[in-house]
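A short worksheet on the structure shown next.
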Amino acid sequence: MTRAGAYFANQLPLRSVFTLFGGIVASILVLSSAAAAEAGSDVEMIVSRGDDAVEVYFAMPAEVAVAHFGLTADDLTNADGFADFDLFSQGTWDLGEKFRQGLSAEIDGKTISLEAMSLMLHPKKLSLPFETPLDAMISIEVCGVEETGISLSDSHLYVGLIAFTDDDDGTLSLTLPAGSGVIDVTARDFMDHRFVQTASVAGDENQLVLAASDGGGDNSWISGGKIGFLSIVLAGLAFVATRGQTAFTA
């Protein structure tokens, strides 16, 4: 396991709970957001800056990941050519490492090293909310898919990368793979759990720049509806546990 993979596991003390009840959590997530993954950009990004690391999350159709990033169709499909959801019952940082090939990042002109935490694939009809760092973290952890015969064109991909750095609040510049083609990318930037700014690149541009941040901004994503949503999730998990039922997971 990479350092980033270990970091990801340590950041999720409820990892085993999410894995055990992945299908239930995924279903609740879908119901909780009408805006899940049908955004206007080909690629959605969430940047989460903390005291000692910068986390960069991506969400996109699986075919976009294959066409414009470091993955191939064979990386994500089984022998029959369908999405291989069984693959994601194992560690997926190796796929994340392939995804990030060709990506580079700088903070205030200084190169930072991105490492993969996890990569997940979901059917588009079960696409997850992707608006906040909490959404992003869950999207690369939860896998509750038992379906078969789903093509890559009907699948959505999520991946999380991390750079360990103390210089987290400077101007962040992310360069997409060379020849990535005509794709639109939109990023939401958070600093210490507060929303700071949105940035985007369109057409054949391949560099996304997020200005330096002082950590100010809106932290409403961790209150109100999100707290209510988490309460529903926990209540659902408690109910299933007391009934002795078993949820499915990939």
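The values are calculated or read from the model by the stated rules, or taken from the named source; none is laboratory data. It should be emphasised that the depicted structure is a prediction, and the values quoted were computed from it without experimental measurement. We place every Cβ from the backbone using ideal geometry, glycine too, and count neighbours over all the protein chains shown.
Across region 54-73, the qualifying residues are those that are within 13 Å of the chain's Cα centre (by Cα) and not in a helix (DSSP H, G or I), and the one among them that is farthest from residue 124 (Cα to Cα) is 55.
Does residue 98 fit the bill of being surrounded by fewer than 21 Cβ atoms within 10 Å (Cβ to Cβ), among the charged types (D, E, K, R) and modelled with pLDDT of 90 or more? Break it down into steps so the answer makes sense when it comes.
Details: surrounded by fewer than 21 Cβ atoms within 10 Å (Cβ to Cβ): yes; among the charged types (D, E, K, R): yes; modelled with pLDDT of 90 or more: yes.
Judged against the criteria, residue 98 is a match.
Scoring residue 81 on the criteria (1) at pLDDT below 95; (2) at negative phi leaves a single failure, condition (2). Do we have residue 183 as in contact with a strand residue (DSSP E or B) (Cβ under 9 Å, 6 or more places away or on another chain), modelled with pLDDT under 95, assigned to a loop (DSSP other than H, G, I, E, B) and within 14 Å of residue 43 (Cα to Cα) here? Yes: the conditions hold for residue 183. Hey, any hits in region 72-95 for a residue that's within 22 Å of residue 186 (Cα to Cα) and buried (at least 16 other Cβ atoms within 10 Å of the Cβ)? Scanning region 72-95, I find no residue that is within 22 Å of residue 186 (Cα to Cα) and buried (at least 16 other Cβ atoms within 10 Å of the Cβ), so the answer is no.
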